[in-house]
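The values are calculated or read from the model by the stated rules, or taken from the named source; none is laboratory data. All figures in this text were calculated on a predicted structure; none of them were measured in a lab. Here the Cβ positions follow ideal geometry from the backbone for every residue, glycine too, while neighbour counts run over all protein chains shown.
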Amino acid sequence: MRYIDIRSDTVTLPTRRMRQEMFEAEVGDDVYGDDPTVKKLEELAAKKIGKEAALFVPSGTFGNELALFTHTRRGDEVIVDKNSHIMLHEVGASAVIAGVQLRTYDSNNGIPDPVEIKSLIRSSNIHYPPTALICLENPSGMGTVTDMDTLREIHEIAHSYKIPIHLDGARIFNAACSLKVDVKEIAIYADSVMFCLSKGLAAPIGSILAGTREFIEKARKGRKLMGGGMRQAGIIAAAGIVALEDMIDRLCEDHKNARLLAKKLDGFKEIEVMKERLQINMVFFKLKKEINDSAFVSHMFQNGVKINPPESDEYRFVTNKDVSRKDLDFVVKAVGDFLGY
Ligand code: TLP
């Protein structure tokens, strides 16, 4: 049975061209620097994002935690959004790997307030840990995109304090589509950027960490320490190259589909769609009436639709390249059936 999978865009399957390129990839031992396909991916990724150098890493979590590990020293403090992936969904790795303390800000639905970030930067009081890094997430995991003015303002503040910025840009190409800018224009406001090849871009594995040549050389050693020195990794890098060549331009289609899905779901009086958070390929909604969440998830599954249970009472449906417009009608019908229409 074919399932319509809207749990995430991480579920996207590799394209035929990805599989072909993986099959034919020229490979070598990348720890020796011998894999031409990994090198090609890293060069292409650096060029696309507008940074001096890039490093291929196994996952987004790995790339974020490696960034923290590379930018900071044990005992430093890192400023992050209280709802960010680094804070909520990385198993507390920042305490284990970088050994840092996180200090959180309260964003407006994922949009940070520069004034609040500034207020969290530590002075040189003997009691305080030094602020070593500011982390941003764009798009945010709440489905919003931070505008260019806010990014610029935070960048100015950070640099006046000589504090670097790491951007969790897992879906940075979605942000670029939403803001109608080249991705480099967003990346310019961060010292390091992590982005994922394996979300909407559909590569089977892998993310990129990008920054200055010096930062990436340091990160390469950190990647080895973390067990991420991969050998004939060209096999997977080949799919990453296709992700960057073929899959970026179509992301806007996922955004349109998300808005369409949101409109249809909002037609049910029992559903409240978070319309102010409809800027990428995610639809968040709440049920206004009491329902049995696990009954809803299993009803959808039995009707051929995979969804995640709610987080903080909110459901998240994610459009992606393997979900067509017709599939969306099917999803809406399954929801309607559950609600008794
Ligand atoms: N997000 C996943 C889950 O882990 C929640 C998803 O389904 O959205 N940064 C952001 C903003 C992310 O959304 C994710 C993954 C990551 C980092 C981590 O990427 P991976 O899963 O490759 O470690």
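For this structure, a couple of remarks:
- Complete set of residues in the range 89-135 that are part of a loop (DSSP other than H, G, I, E, B), within 16 Å of the ligand (Cβ to nearest atom) and not β-branched (Val, Ile, Thr): His89, Glu90, Gly92, Ala98, Ser107, Asn109, Gly110, Pro112
- Assessment of the range 304-325 against the conditions (closer than 26 Å to Ala45 by Cβ and of a type in the set (D, E, K, R)) yields at least one matching residue.
- From the options Asp9, Asp30, Asp34, residue that is closer than 17 Å to Ala219 by Cβ and either more than 16 Å from the chain's Cα centre (by Cα) or in contact (Cβ under 8 Å) with a residue 60 or more places away in the chain (or both): Asp30
- Number of residues in the range 64-85 that are near the ligand (Cβ under 8 Å from one of its atoms) and part of a helix (DSSP H, G or I): the value is 2.
- Some residue of the range 4-12 being away from the ligand (no atom under 15 Å from the Cβ) and either at pLDDT 95 or above or surrounded by fewer than 21 Cβ atoms within 10 Å (Cβ to Cβ) (or both): yes
- Just one residue in the set Ile86, Ile111 is of a type in the set (Val, Ile, Thr) and surrounded by fewer than 18 Cβ atoms within 10 Å (Cβ to Cβ); that residue is Ile111.
- Wholly enclosed strands (runs of 3 or more DSSP E) of the range 247-340 bearing at least 2 residues under 24 Å from the mean Cα position of the chain (by Cα): 282-287, 315-318
- Breaking point among (1) surrounded by fewer than 24 Cβ atoms within 10 Å (Cβ to Cβ); (2) in contact with a Leu (Cβ under 6 Å, 6 or more places away or on another chain), for Leu209: (1)
- Matching residues in the range 169-200 - criterion: being assigned to a helix (DSSP H, G or I) and either within 16 Å of the ligand (Cβ to nearest atom) or within 13 Å of Leu251 (Cβ to Cβ) (or both): Ile172, Phe173, Asn174, Ala175, Ala176, Cys177, Ser178, Leu179, Val183, Ile186, Ala187
- Qualifying residue in the range 201-208 (condition: within 15 Å of the ligand (Cβ to nearest atom) and in contact with a Cys (Cβ under 7 Å, 6 or more places away or on another chain)): yes
- If you go through the range 136-168 and keep only what is out of contact with any Pro (no Cβ under 7 Å at 6 or more places or on another chain), within 15 Å of the ligand (Cβ to nearest atom) and free of Cβ contacts under 8 Å to residues at least 60 places away in the same chain, you end up with Glu137, Asn138, Ser140, Gly141, Leu167.
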